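What follows is one structure encoded as structure tokens, with my remarks underneath.
Rule-based calculations on the coordinates, nothing more; no lab input. From a predicted model like this one, the values you see are computed outputs, not experimental measurements. Methodologically, a virtual Cβ is constructed for each residue, glycine included, from the backbone with ideal geometry; neighbour enumeration extends over all protein chains shown.
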Amino acid sequence: MESLAVRWLFPGQEVVVESKCLDCSGSVRLRMRDEEMLEIDPQKAIGYMPSPFAPSRVGSAAFN
Amino acid sequence: MNLFRSEEHLTRWLHHWHAAGDYVLPVDEWAKVFSAPTFRRRLDLDYLARAPEYLEEYRRALQAAGKALPAPDRILSTVLFTDIVGSTRHAAEVGDSEWRALIRRHDDIVRNQLQHFGGREIDRTGDGSLSAFQSPARAIRCAQAISAAMHSVGLQVRAGVHSGEVEVLGEHLGGIAVHIGARISALAGPDEILVSQTVKEAVIGSGITFDDRGTHELKGVPGEWRLHAVAS
């Protein structure tokens, strides 16, 4: 389950994801409710995702 | 998805595995991608069964975020859909336990015939099956054999066959040709095998004969489609 998709499992409720930067272990905090991103801290946070469409991964568990 | 405090942190992360086609986006852009319908439906009971179809929505959401995507593999294939006729009524008559046993025998029959005719099982679809063949004539002969064998367990099936380009999504198939096959199957009667005009023309010379079933609209598919029932 992708962290940014978890909000759809809790309709109408505030969902908080407390994560860590893979590089420095610093905090990355996301707060969201349905459509709204209530907080992205730090603002410059980025997400990196291996593509489920890369030929070697099509049909693998990467998408699920 | 892996999170980083900024793009500089990602660059510094020396051990990350980066394959062609991997994606980097700001978190707020990812939030839009993960607002695609596919992610909103994860509480739906049929989510897993429909995941291959939702994958296309995910692909479009990534495209909307400006990410170039590799084109899916497309191959020419023949799809065969079968479906048990009157399954709900039948299940109510025999009870859950007997129905489960019947479904197992149904599945055995389908798999045996697929093996015999060189078909590949793609999916179970409710009380039916989706399989793929390299040859439309083999798909028709397989459908005939499945239909005849089902009588031995007191079941009747309807079947639909269509040939066209399909998208290969891992072990699954997608694309409009698959939807057309499903729609054709839904129009077939008990013990009937309906095929598209494409299939009829492709098997000329095979000895398979057809009865014209006229033109039909297939829900969600543009145009009118001439369908044929396999006669022999």
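Largest GNM mean-square fluctuation among B:204, B:146, B:84, using chain B with Cα springs under 10 Å: B:204.
Residues whose amide H falls under 5 Å from that of residue B:6, counting only those 5 or more places apart or on a different chain, are A:46, with hydrogens built in the peptide plane.
Going from the fewest other Cβ atoms within 10 Å to the most, the residues B:4, B:210, A:10, B:34 appear in the order A:10, B:210, B:34, B:4. Return a whole-number percent for the relative contact order of chain B, with Cα pairs under 8 Å and 6 or more residues apart as the contact set. Reported as a whole number, the value is 17 percent. Across peptide B:42-50, the average count of Cβ atoms from other chains found within 10 Å of a residue's Cβ is 1.
Expressed in units of 2.2 N^0.38 Å, where N is the residue count, the Cα radius of gyration of the protein assembly as shown is 1.24. Backbone amide hydrogens, once placed in the peptide plane, bring residue A:20 within less than 5 Å of A:28, excluding anything fewer than 5 places away on its chain. The mean number of partner chain beta-carbon atoms within 10 angstrom of a residue's beta-carbon across peptide A:35-47 is 6.
Peptide packing: for B:182-188, A:43-49, the average count of neighbouring Cβ atoms within 10 Å per residue gives the ranking B:182-188, A:43-49, highest mean first.
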